[in-house]
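Read the structure below first, then the notes.
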Amino acid sequence: MGIEERSSGSSISPDVEKDKLLLQVARRVELGFEFGEFFFLDFRTGEVSDCPYVLFADKGWNSMVAVGSVIYVVGIWERDKTRWCNIEPPNSVTNNKKGIYHKGMSFLDLSQGDDGERGWKEAPYVSYRLPYIPAVVAFGGKIYLFQCGDKSEAAEVFDPISNKWEKLLPPPQVGFFDIYKDRCGVVDDENKRILIPFHSIKSVFAYYPSNNRWELVLESFSWPSVLVFAQGMILFYLPQIPKMFGAYHVATKQWLNVVLTSEVPDDVWRCEFDAMLYLGNGILCLATYSIDFDKVRTTYVYIAKFKFERASDSPGDLLVMPLPPQTYTLPTRCFGVKYFLV
């Protein structure tokens, strides 16, 4: 029983493994608001490169999504939407980097060169007040925004070509999103749908963009905060159990038996990771960070990778093989890091 190069649990051909992260690093300044610095982390070379553009905002409540080569930061804590808009932070704080105020939706086109055309730009955001943090997902070249709270159901889609938002059929009024969950929505590419959890009733609904409809797909299912959706499975991180991961196959509605094929390094067990990414080609990536208090401008990013595969002789088993962990150094001190594949 071993890990093969092709998945026996899915008819989808192996996808290309991504090898670069965009890190959104939150920093706090004297005036009381935050700004986000950005760094690129290359897994192949081990290089950390600085992005010369920043976003100014009072809170880090937002999501990063990509449409082609364009990265969007979407969402804002409503009460802080205009609080700091007329305050210019000193250049000594931002190291003379160029930036704009994040007012709900900002974008950075990675295909542009550093010749003055590139940089964060403002995009239109929804025109009405969103009292809760929305779930934001990129799908089919568009950006979908969902919210479900106390009398505040909303669903809209943003088309980058027309640069406009349009209303969709709102989520069912059956429960609430949990605004403190990191992953309030994932894309199920194979079934051309978006999965959205309703934490208050422990259910998962699917939204189908092709015909603007909602469907209940999972009941009595607790949606974890650190997870990915890959090869038809919800894979999530469980640091409190010896297997470290859980796996649920959505189509068959079955839990899989996770089998670690080798020992997990002690350094990995000692970490509590706050993000999980699917790099493609059956590779999971766990990420977290720590601050070096002995150094003024140093943050360490820890990466642990795992190769997963459905067992060829036991379809109910998911084999997970630990790969060597990696550590990267950022030349800044921060109090929050978000991770995004590019």
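List of remarks:
- If the condition is being in contact with a Lys or Arg (Cβ under 6 Å, 6 or more places away or on another chain) and within 28 Å of Glu263 (Cα to Cα), then the stretch 319-340 contributes Met321, Leu323.
- The strands (runs of 3 or more DSSP E) found wholly in the stretch 198-245 and carrying at least 2 residues that are within 28 Å of Lys167 (Cβ to Cβ) and among the hydrophobic types (A, V, I, L, M, F, W, C) occupy 203-208, 213-219.
- The residues of the stretch 270-302 that are under 17 Å from Glu47 (Cα atoms) and small (Gly, Ala, Ser) amount to a single one, Ala287.
- Residue check for Asp189: surrounded by fewer than 17 Cβ atoms within 10 Å (Cβ to Cβ) and at pLDDT 85 or above: yes
- Within the span defined as the stretch 103-126, every residue fails to be surrounded by 19 or more Cβ atoms within 10 Å (Cβ to Cβ) and modelled with pLDDT under 75.
- Per the listing Tyr289, Tyr207, the residue uniquely surrounded by 16 or more Cβ atoms within 10 Å (Cβ to Cβ), in contact with a strand residue (DSSP E or B) (Cβ under 6 Å, 6 or more places away or on another chain) and within 21 Å of Phe340 (Cα to Cα) is Tyr289.
- Tally of residues being of a type outside the set (A, V, I, L, M) and either at pLDDT below 85 or over 28 Å from Ser69 (Cα atoms) (or both) across the stretch 139-186: 20
- Number of the exception - Ile196 against (1) surrounded by 17 or more Cβ atoms within 10 Å (Cβ to Cβ); (2) modelled with pLDDT of 95 or more; (3) aliphatic (A, V, I, L, M): (2)
- Any hit, the stretch 309-317, residues being over 23 Å from Glu34 (Cα atoms) and hydrophobic (A, V, I, L, M, F, W, C): yes
- Considering the stretch 4-58, the residues that are crowded, with 19+ Cβ neighbours inside 10 Å and of a type in the set (D, E, K, R) include one that is modelled with the lowest pLDDT, namely Asp58.
- Qualifying positions in the stretch 254-266 - under 24 Å from the mean Cα position of the chain (by Cα) and loosely packed, with under 15 Cβ neighbours inside 10 Å: Trp255
The values are calculated or read from the model by the stated rules, or taken from the named source; none is laboratory data. Remember, predicted model here, so these are calculated numbers, not experimental data. Cβ coordinates were reconstructed from backbone atoms using ideal geometry, including for glycine residues, and neighbour counts include every protein chain displayed.
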